[in-house]
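Trainee: Handing you this structure, nothing more for now.
The values are calculated or read from the model by the stated rules, or taken from the named source; none is laboratory data. Values in this document were obtained by computation on a predicted structure and should not be read as measured data. Every residue, glycine among them, receives a Cβ derived from its backbone with ideal geometry; neighbour counts consider all protein chains shown. Keep in mind that these areas ignore ligands, DNA and RNA; they rest on the heavy atoms of the full protein, side chains included. Shrake-Rupley method; radii C 1.70, N 1.55, O 1.52, S 1.80 Å.
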Amino acid sequence: MIAWIIYEHECESLYKLENNRLEQRASLIGFTFTSYNSFLDTYLTSLIEGNVLASYLRNPNNIYRERMLTSHLEASISRVRRGQQTFASLSIFDTDNSLSLYIENSTDPFAEVRSEQVALAQQMIKQKQVKVWDHTYTEAPTAEKSVIQQGVAIDSKTLLSPTLLQAESTYRVIATISPGKFETLLAQTKAEYQAELRYFGIDAPLEKPPEGLHAIVKLSNNYFLLIQPSENYFASLLNQVKVRLFTIISLSILVTFLLLQLLIRRFITNPIVQLDQQLTDVIAQKKQNIDFPHSADEVGRLGQKFHALYEKLNQAFQESFSQARIDALTQLPNRVGFHEAAEKLLLEADKQNTRFSIVYIDIDNFKFVNDKYGHEIGDELLKSISAKFNHLIAINLKHSGESFVYRLSGDEFIILLPEHDSDSATQISNKVLKLFANGFNFERGHFAVTASLGIASFPQDGSSITQLISNADLAMYQAKKAGKNRLALYSNKLAKGDRQLKEIEALLKDIDLDKELTLNYMPVIDQTDRVKGCEALLRWNSPHIGQVSPAVFIPIAEETGVFEMIDLWVIEQTFKDYKELQSILGEQLQVSINISSAELHSENFINKLTELCKSHSVTPGNFMLEITETFAMEQSSNAIRWLESLRQLGFKIAIDDFGTGYTSLMQMVDYPVDVIKFDKQLVERITQAERRHLAKALIDLCHIQSIQVVAEGIETTEQSRCLWQADCDIQQGFLIAKPMPIETLRSWLEEHQYLERVV
């Protein structure tokens, strides 16, 4: 009986000990698997939100774009895995599910895309999935027994997460990683415990609940791993106890009983119970770690291993926790850190009835710096801007140990201002703007970047962090529209304007082109005062909201993707009106048509334009297609080839609104264009007395390149006379004629010819 009692007691203690060991091992396995999953999440997020993937997809002729993605993959692995050899790969599938790119972190120069990635891409298409996760494994004795995959779909135009309607025109970006450390831990566990490993989840549940010694590892939300040691493993441990116990019992039952009770309680039972209790307290977060045991026995060594294991786990957790909340480039808190701090501040402000403000900041023209000077300079610029933001806010808030500046993504920042209303937030924001008064200077040079700021305050501008961010973002875009390098406060008027823009966006999607759109024509004259042509100008009279300015609805049409439909309608309507225009203004009439710069690179547009020319039997040489100067920001060999394609059809090409963008004249004359149209603002400047010599120089430079010059916005006789003297080819403006329906052109022409005879 004594031997049996001791044996049962030992069995229970041993079972608890082994169960705790197994749970600790399972926790380490789960954490290891999660770290690989987290790497894929972080890598895909940085890839999509950053400029590397966008640069790859939008610049197919860039010979370094694949190397940039490979470097980004290697850098991501090096940053997270800390030099550990880890296999990872990235594959991108085009909208037709053909493989666009496959790269992997290996030395195999002939590496090919894995069948698992192709299958995952096909699954995303069939099931119209925007995001997918998969873990495949095999029991075969290969070098890579399992693979973790994550795939995301992005819209081919916006490079953002697609809607269901966009599911068929998306790229599939699939990242794969081989969890080597995870597999090593599994192999060690299987060998040590002679364990059976089974994966299960909602799609493949266990046939029956596990019994006996086991542990379940949560690998993802609906995916688990069952570790079940074999019965022989625990039986072998029990056999050791049996042999030892009954050997001692056989020598002396009485002495053994007394000694065993003393020794077991002092050196085995109590330490194990204490260790178990400490582990329980650690799991319940009542203690940071178990007390370090100094004894040299088995339980002491086991406790030391538990202590060391938990130190490593805790260190890894703290590093992961920090990485998830700190921006790697600027060392500012990131979006996750902002939301945590903002939610905490919101609770305190709501509880104490205090105010706070957030300032949303976007760096203007930062893409221009990246494109012209490279991403290395762009990164240095962001770090310098971040440091100055942090220093400025720390001084004004008198907090040196805590950061209130956060980097959300790219060139977007946000500042938290506790206990600040809109007035005090405006004062600090004006100090931020002073950093960009004449561009931005730091040790790498001077850069023409500015900042647009939007301010929203609690509680008047929103009762939740999401609402405050949205309203501050709206105010920031208002600052951009007002000319950049300024700030705007959120207001009900601003919100109303935003709602109106959204209403226009909704109406554009259901617009009846023939009933709601009309064309006005604005005549142009040459130096002999003869009408040489006219410009077709679009007008929209909505049955719901009345007349809408093209300056308002055209940018919205470009953002929502309906611009091509409107452009083609304008072109076709102009083709239909051309015969009548000829009968009024003359047989040699040339008509100018504005097309959206968003059409650049669209082969579909060129094909449809060709069909319209054939169906209406028009001569393309009688028409001039105008593209705004801002298209030069998209300068590329593809854009130039696209313009050449239009000229090959016979159309003349004009650059409209010259003088409002960022393009130099020497850049513009290098483009395949026939006409440059000076913008009204440029006309006003170069016709001023002290600048008239510039008008002649600019026009002569265009003439040297065989480019015709048209001056827009002529409103005074002095402007007209000055530009004729500078050899301007064509003029148009309210001094000559306002845009008018085709029905009133004849009466205008008669009046114009009469005035010409009188003069």
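Trainee: Please determine whether any residue of segment 435-454 is within 19 Å of residue 353 (Cβ to Cβ) and modelled with pLDDT of 90 or more.
Mentor: No: segment 435-454 contains no residue that is within 19 Å of residue 353 (Cβ to Cβ) and modelled with pLDDT of 90 or more.
Trainee: Tell me, yes or no, whether segment 336-353 has at least one residue that is surrounded by 13 or more Cβ atoms within 10 Å (Cβ to Cβ), within 29 Å of residue 439 (Cβ to Cβ) and not polar (S, T, N, Q).
Mentor: Yes, that holds for at least one residue.
Trainee: Now for a different question. Please enumerate the residues belonging to segment 1-45 that are aromatic (Phe, Trp, Tyr) and over 47 Å from the mean Cα position of the chain (by Cα).
Mentor: 4, 7, 15
Trainee: Please find, within segment 463-503, the residue that is nearest to residue 557 (Cα to Cα) out of those that are hydrophobic (A, V, I, L, M, F, W, C) and not in a helix (DSSP H, G or I).
Mentor: So, considering only residues that are hydrophobic (A, V, I, L, M, F, W, C) and not in a helix (DSSP H, G or I), the one nearest to residue 557 (Cα to Cα) is 482.
Trainee: So, one more: Of the residues that make up segment 18-30, is at least one touching a helix residue (DSSP H, G or I) at 6+ places or on another chain (Cβ under 6 Å), modelled with pLDDT of 90 or more and of a type in the set (Val, Ile, Thr)?
Mentor: So far as segment 18-30 goes, yes, one or more of its residues are touching a helix residue (DSSP H, G or I) at 6+ places or on another chain (Cβ under 6 Å), modelled with pLDDT of 90 or more and of a type in the set (Val, Ile, Thr).
Trainee: Is it true that some residue in segment 314-334 is over 22 Å from residue 410 (Cα atoms), at pLDDT below 75 and outside any helix (DSSP H, G or I)?
Mentor: No, segment 314-334 has no match at all.
Trainee: Quick one: in segment 354-402, of everything that is aliphatic (A, V, I, L, M) and open to solvent by 10 Å² or more (accessible area, probe 1.4 Å), which residue is nearest to residue 433 (Cα to Cα)?
Mentor: 392
Trainee: For residues that are open to solvent by 90 Å² or more (accessible area, probe 1.4 Å) and not hydrophobic (A, V, I, L, M, F, W, C), tally how many sit in segment 256-290.
Mentor: The qualifying residues number 7.
Trainee: Further question: Quick check: anything in segment 229-251 more than 23 Å from residue 12 (Cβ to Cβ) and modelled with pLDDT of 85 or more?
Mentor: Among the residues of segment 229-251, not one is more than 23 Å from residue 12 (Cβ to Cβ) and modelled with pLDDT of 85 or more, which makes the answer no.
Trainee: So in segment 456-485, with the set limited to residues that are touching a residue at least 60 places away in the same chain (Cβ under 8 Å) and open to solvent by less than 10 Å² (accessible area, probe 1.4 Å), which one is nearest to residue 363 (Cα to Cα)?
Mentor: For segment 456-485, the residue satisfying everything is 476.
Let's see how each residue does on (1) of a type in the set (Lys, Arg); (2) under 38 Å from the mean Cα position of the chain (by Cα); (3) closer than 23 Å to residue 517 by Cα:
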| residue | (1), (2), (3) |
| --- | --- |
| 571 | no, yes, yes |
| 579 | yes, no, yes |
| 592 | no, yes, yes |
| 601 | no, yes, no |
| 604 | no, yes, yes |
| 611 | no, yes, yes |
| 614 | yes, no, no |
| 626 | no, yes, yes |
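Trainee: Within segment 716-731, track down each residue that is touching a strand residue (DSSP E or B) at 6+ places or on another chain (Cβ under 8 Å) and open to solvent by less than 10 Å² (accessible area, probe 1.4 Å).
Mentor: Residues satisfying the conditions are 723, 728, 731.
Trainee: Scan segment 692-715 for residues that are open to solvent by less than 70 Å² (accessible area, probe 1.4 Å), part of a loop (DSSP other than H, G, I, E, B) and not aliphatic (A, V, I, L, M) and jot them down.
Mentor: If the condition is that a residue be open to solvent by less than 70 Å² (accessible area, probe 1.4 Å), part of a loop (DSSP other than H, G, I, E, B) and not aliphatic (A, V, I, L, M), then 712, 713 are the ones that fit.
Trainee: Ok, one more. How about segment 68-94: which of its residues are at pLDDT below 80, over 18 Å from residue 150 (Cα atoms) and open to solvent by 50 Å² or more (accessible area, probe 1.4 Å)?
Mentor: 78, 79, 82, 83, 84, 85 - these are the residues of segment 68-94 that are at pLDDT below 80, over 18 Å from residue 150 (Cα atoms) and open to solvent by 50 Å² or more (accessible area, probe 1.4 Å).
Trainee: Restricting to segment 569-602, what's the tally of residues that are open to solvent by 20 Å² or more (accessible area, probe 1.4 Å), charged (D, E, K, R) and touching a residue at least 24 places away in the same chain (Cβ under 8 Å)?
Mentor: 4
Trainee: Among what's in segment 33-63 and is more than 14 Å from residue 100 (Cα to Cα) and charged (D, E, K, R), pick the residue that is most open to solvent (accessible area, probe 1.4 Å).
Mentor: This residue is 49.
Yes/no per residue for (1) at pLDDT 90 or above; (2) in a loop (DSSP other than H, G, I, E, B); (3) within 30 Å of residue 577 (Cβ to Cβ); (4) open to solvent by 20 Å² or more (accessible area, probe 1.4 Å):
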position: 604; (1), (2), (3), (4): no, no, yes, yes
position: 609; (1), (2), (3), (4): yes, no, yes, no
position: 642; (1), (2), (3), (4): no, no, yes, no
position: 671; (1), (2), (3), (4): no, yes, yes, no
position: 676; (1), (2), (3), (4): yes, no, yes, no
position: 683; (1), (2), (3), (4): yes, no, yes, no
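Trainee: I've got another one for you. For segment 187-245, which positions are open to solvent by less than 90 Å² (accessible area, probe 1.4 Å), touching a residue at least 60 places away in the same chain (Cβ under 8 Å) and under 22 Å from residue 34 (Cβ atoms)?
Mentor: 189, 193, 199, 214, 215, 216, 217, 219, 220, 223, 225, 227
Trainee: What residue, among those in segment 536-548 that are open to solvent by 10 Å² or more (accessible area, probe 1.4 Å) and in a strand (DSSP E or B), is farthest from residue 652 (Cα to Cα)?
Mentor: Of everything passing the filter in segment 536-548, 546 is farthest from residue 652 (Cα to Cα).
Trainee: Determine which single condition residue 581 fails, assuming it passes every other condition in (1) modelled with pLDDT of 90 or more; (2) not in a helix (DSSP H, G or I).
Mentor: (2)
Trainee: Read through the list (1) more than 24 Å from residue 395 (Cβ to Cβ); (2) open to solvent by 10 Å² or more (accessible area, probe 1.4 Å), then give the number of the only condition that residue 438 fails.
Mentor: All conditions pass for residue 438, except number (1).
Trainee: Working only within segment 737-747, note down all residues that are aliphatic (A, V, I, L, M) and surrounded by fewer than 18 Cβ atoms within 10 Å (Cβ to Cβ).
Mentor: Answer for segment 737-747, where residues must be aliphatic (A, V, I, L, M) and surrounded by fewer than 18 Cβ atoms within 10 Å (Cβ to Cβ): 740, 742.
Trainee: Specify the residue that is nearest to the chain's Cα centre (by Cα); the eligible residues are those in segment 133-149 that are open to solvent by 10 Å² or more (accessible area, probe 1.4 Å) and modelled with pLDDT of 75 or more.
Mentor: For segment 133-149, the residue satisfying everything is 133.
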